[in-house]
Amino acid sequence: MDMIASWIGNIPDFAVPFALAALGLIVIERSGVLALGAEGLMLVGALAGIGASLMTGGATVWALILAMCAAGVVSLLFALMVLVMRINQVIAGLALVFFCQGLTGLLGTLLDWTNKPVAGLHAVSLWPFSELPVVGKLFVQNPLVFVTPLIFVVVVLVLNRSVLGLRLRAVGENPQAADAAGIPVLGYRCAAIVAGSMLIGLAGAYISVLSTKMWIADMVGGRGWIAVALVIFARWSPWKALAGAVLFGCIEALIPQMAASGIRLPQYFVFMTPYAVTLGVMIWVALASRDSSSQPGALGEPFIREERR
Amino acid sequence: MSNPNAIRLDSVSKSFDGFKALSEASFTARWGEVHALLGENGAGKSSLMNIAAGLYAPETGSLFIDDNPVHLKGPLDAAAQGIGMVHQHFKLVKPFTVAENILLGLRHLQAGTYRQRLAQTAEQITAMAASLGFSIEPHARVDQLSVAEQQRVEILKVLLAGARILILDEPTAVLTDAEAENLLTTVQNFAHQEGAAVILVTHKMNDVMRYADQVTVMRTGSTVASLKPQTVSVGELVKLTVGDAPTPPQIPSSRDAGEVRLAVRDLSSSGAAPALRGVNLELRAGEIYGIAGVGGNGQSELAGALMGLPEPVSGEMELVGEGDLNSLSAARRRELGIACIPADRYSSALAAPLSISDNFAMGDVHSGRYGPFWFLRRKRIEADTAAAVAEFDVQGVRSLQQKAALLSGGNAQKLVIAREFARTPQLVIVHSPSRGLDVRATLAVHERLRSARDAGSAVLLISEDLDEVMALADRIGVMSAGRIIGEFAQPADRQAIGQAMVNHV
């Protein structure tokens, strides 16, 4: 019983980075830009968060905000590549990941931020829910866990219930139509890239500042890629992405539980599980929904106005 | 009597990749008139109007609205000046509703929540549609509307965004005759009663003669005349657009048809609403069999099935002496001399990013004419292509290595025909061969089909253009609701065929 309670209590800690990163990717991809760089931007957010924490001496909220800004600034490089230079978006996304992996590894060592613990945020209890049996621990979490659903609500409202969101989706579905309607296509795409990247950066900072509470090189460990898969699995819908993030959080939270309870499984088999599930989910989605109707119509296509054929 | 000028373009020039699309073109439209802009394909009509709508920036020349000079930085500027353009390819966001699409184009948003704005937009749509004399469901998704309805959405979109100068680019190209009449009457009322300026970009003489108050004729990037259509005959207008008068299409001379080449029996497609419901026809050597009908009665599916596209079908398509068409591989089809000319040149007939010579050679590369599989005889390909390009009068070829995508519609079609007719075909299947082509290119295409027939080919012509079928076919089958419901031999009564096309339920 205790084991189940502590497993449930751990789920949000694993689910929040997936959820925030997937949400950021959805914002970017709804504008028609194929974003594969989540892994890199999460690393930037993670390192910047730790750096800011260490430099400000524990102003964690500011550290999170600075982490978001850092990811936003780095994403401008991606925006330059795909919007202005119109480099293939897959290549640009991969290049961004490798660039960020190298950059964060280097800076982490040079600035000597590796393995330095930070304070993080105190857990808060959501009384009276925190007194519930079994699921009680679900409501004793750091504040960002409780803020995450609010971020989802705000993003969904903007995307689906505002003229701003209508224009953003139009840019992603049919940029020529949006252009003819007088919407600055590249401006909207650039804004989407920066805004989405800030959410992805927050996801990275969550891992380093709030969850692990220190920086280790390459600490995101493939979660950015799982987020990319999650977005496809969720058919670009934020709520489905949140559900998917919780599902993956459940699996990831199971790993330390199994180790603690003495179930003997090969270590690498356990580490493989989330990726195996990702693969399985992707195959299932590919088989189940053959229509790609919910995919943004212009995903991955650069926008050029004065082109003849 | 003449109204003040609404929009004036003065000596406008524009080139693309060194190709001069417009040279010193001038154009004036007045308030309260329907002004037709007439010209062949590639004459520069769309380019000129894209400049008026702010999509392209002119290299030289100037634009005046109400006789005031205006500089347009983009479509937004054009909209602010009251210019709205309905493009040939609709600029609608398919998964959005009608109201969402229109809300997207509104510049001055009312206060209120998103839902209130959407509701207000829906009211405006209903009111504006009613004033134009049609109705539309504001909350229907655009991709579930018919083409004619989508076009109405486009028109509502530009009008609700405040357009007083309405530019329609080839608006009737995608419509049936009845729909086109409806649309043109609507825009005519809009110009005459509301005092707006309507510019009708078209290459259809009938539309000009019936609906335009003024017509400007374009030829090879220049405006050559501006006159009142009532003061000239159709012949004179054709002469102005083409330069020299083409010979009028004639009814083909009848000729003894040979043995049956292709027999189609009970061809049906599957599904809940099958497009084909038992097509029967026999095609003989040395004849053109024309299939006429209102668009969407199964013609595309019939063409697809005969051309070997994977259409789910039951029934028989017997190529006499060879068995069922479906059982033949693409290579075997080529060996037997089956030529296919699909309706969509760029997606089904040509590889647009490849060179002209590659596109030409791909038809015959399997036969070994251009070398064995490890070696390509480039010189022979080039020579054959050059000969075919000259023989079939493919214009606009600057180099045989240029991309096929750079050819205009008519010339791309000529290239397809040159390839398919490189060796005398036994069986020709053609679908809408002159769609989007100008008068001269159409005549050239028709001439090729006639000479193939005279050389003994069996030609199946599927076309939604009744004039084309009348001009070419020796026998005419009328297709309706997935069946051939009647056959007519030449000389056929146009009225009777027209009746058969629309009356059958």
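The values are calculated or read from the model by the stated rules, or taken from the named source; none is laboratory data. All values derive from a computational prediction rather than experimental measurement. Virtual Cβ from ideal backbone geometry, glycine too; neighbours counted across all protein chains shown.
Some values worked out for this structure:
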| item | result |
| --- | --- |
| Flag if B:G54 is crowded, with 24+ Cβ neighbours inside 10 Å, at pLDDT below 90, touching a strand residue (DSSP E or B) at 6+ places or on another chain (Cβ under 8 Å) and within 11 Å of another protein chain (Cβ to nearest Cβ) | yes |
| Matching residues in the stretch A:248-263 - criterion: being in contact with a Leu (Cβ under 9 Å, 6 or more places away or on another chain) and over 17 Å from A:G204 (Cα atoms) | A:M258, A:A259 |
| Test: residue in the stretch B:424-432 that is of a type in the set (G, A, S) and either surrounded by fewer than 17 Cβ atoms within 10 Å (Cβ to Cβ) or on the phi < 0 side of the Ramachandran plot (or both) | no |
| Scan of the stretch A:264-300 for residues that are within 14 Å of another protein chain (Cβ to nearest Cβ) and modelled with pLDDT of 80 or more, ordered by number | A:Q295, A:P296, A:G297, A:A298, A:L299 |
| Enumeration of residues in the stretch B:423-452 that are in contact with a helix residue (DSSP H, G or I) (Cβ under 7 Å, 6 or more places away or on another chain) and without any contact (Cβ under 8 Å) to a residue 60 or more places away in the chain | B:S434, B:A444, B:V445, B:R448 |
| Filter pass, A:L150 being aliphatic (A, V, I, L, M), over 27 Å from B:R115 (Cα atoms), out of contact with any strand residue (DSSP E or B) (no Cβ under 9 Å at 6 or more places or on another chain) and more than 14 Å from chain B (Cβ to nearest Cβ) | no |
| Residue within the stretch B:361-372 that is more than 14 Å from chain A (Cβ to nearest Cβ), assigned to a loop (DSSP other than H, G, I, E, B), within 23 Å of B:V445 (Cα to Cα) and among the charged types (D, E, K, R) present | yes |
| Entirely in the stretch B:128-222, the strands (runs of 3 or more DSSP E) that have 2 or more residues that are away from chain A (no Cβ under 14 Å) and among the polar types (S, T, N, Q) | B:214-219 |
| Lone qualifier among A:D179, A:D218 - being of a type in the set (D, E) and within 14 Å of chain B (Cβ to nearest Cβ) | A:D179 |
| Tally of residues being assigned to a loop (DSSP other than H, G, I, E, B) and more than 15 Å from B:R453 (Cα to Cα) across the stretch B:468-483 | 2 |
| Filter result for A:A79 (surrounded by 16 or more Cβ atoms within 10 Å (Cβ to Cβ) and touching a Gly at 6+ places or on another chain (Cβ under 9 Å)) | no |
| Answer residue from the stretch B:90-124, given it is more than 29 Å from the chain's Cα centre (by Cα) and of a type in the set (V, I, T) and is farthest from the other protein chains (Cβ to nearest Cβ) among those | B:T121 |
| Any hit, the stretch A:186-193, residues being within 14 Å of chain B (Cβ to nearest Cβ) and either touching a residue at least 12 places away in the same chain (Cβ under 8 Å) or over 30 Å from B:I102 (Cβ atoms) (or both) | yes |
| Odd one out for B:T60, checked against (1) within 30 Å of B:A21 (Cβ to Cβ); (2) more than 10 Å from chain A (Cβ to nearest Cβ); (3) surrounded by 16 or more Cβ atoms within 10 Å (Cβ to Cβ) | (3) |
| The stretch B:78-89 - residue that is of a type outside the set (A, V, I, L, M) and facing chain A (nearest Cβ under 9 Å) and, of those, surrounded by the fewest Cβ atoms within 10 Å (Cβ to Cβ) | B:H89 |
| Residue match in the stretch A:149-159 (condition: within 15 Å of the chain's Cα centre (by Cα), surrounded by 15 or more Cβ atoms within 10 Å (Cβ to Cβ) and among the β-branched types (V, I, T)) | yes |
| For A:V135: the one exception among (1) β-branched (V, I, T); (2) out of contact with any helix residue (DSSP H, G or I) (no Cβ under 6 Å at 6 or more places or on another chain); (3) at pLDDT below 90 | (2) |
| Those residues of the stretch A:1-41 which are more than 30 Å from A:G136 (Cα to Cα) and hydrophobic (A, V, I, L, M, F, W, C), in sequence order | A:L25, A:I26, A:V27, A:I28, A:V33, A:L34, A:A35, A:L36, A:A38, A:L41 |
| Condition met for B:P69 (touching a Leu at 6+ places or on another chain (Cβ under 8 Å), assigned by TED's automatic domain parsing to the domain that holds B:L227 and surrounded by fewer than 15 Cβ atoms within 10 Å (Cβ to Cβ)) | yes |
| Of residues in the stretch B:157-185 being more than 27 Å from B:G44 (Cβ to Cβ) and of a type in the set (V, I, T), the one modelled with the highest pLDDT | B:T185 |
| Cβ pairs under 8 Å, 6+ apart, first in the stretch B:342-359 and within 14 Å of another protein chain (Cβ to nearest Cβ) and in contact (Cβ under 8 Å) with a residue 24 or more places away in the chain, second assigned to a helix (DSSP H, G or I) and among the charged types (D, E, K, R) | B:A351/B:D358 |
| Subset of the stretch B:63-77 (residues that are more than 9 Å from chain A (Cβ to nearest Cβ) and in contact (Cβ under 8 Å) with a residue 24 or more places away in the chain) | B:L63, B:F64, B:I65, B:D66, B:D67 |
| Of all residues in the stretch A:162-171 being part of a helix (DSSP H, G or I) and at the interface with chain B (Cβ under 9 Å from one of its Cβ atoms), the one that is farthest from B:I155 (Cα to Cα) | A:G165 |
| Residue pairs meeting the criteria (Cβ under 8 Å; at least 6 apart or on separate chains; first assigned by TED's automatic domain parsing to the domain that holds B:L276, in the stretch B:313-326; second at pLDDT below 80 and in a strand (DSSP E or B)) | B:N326/B:V313 |
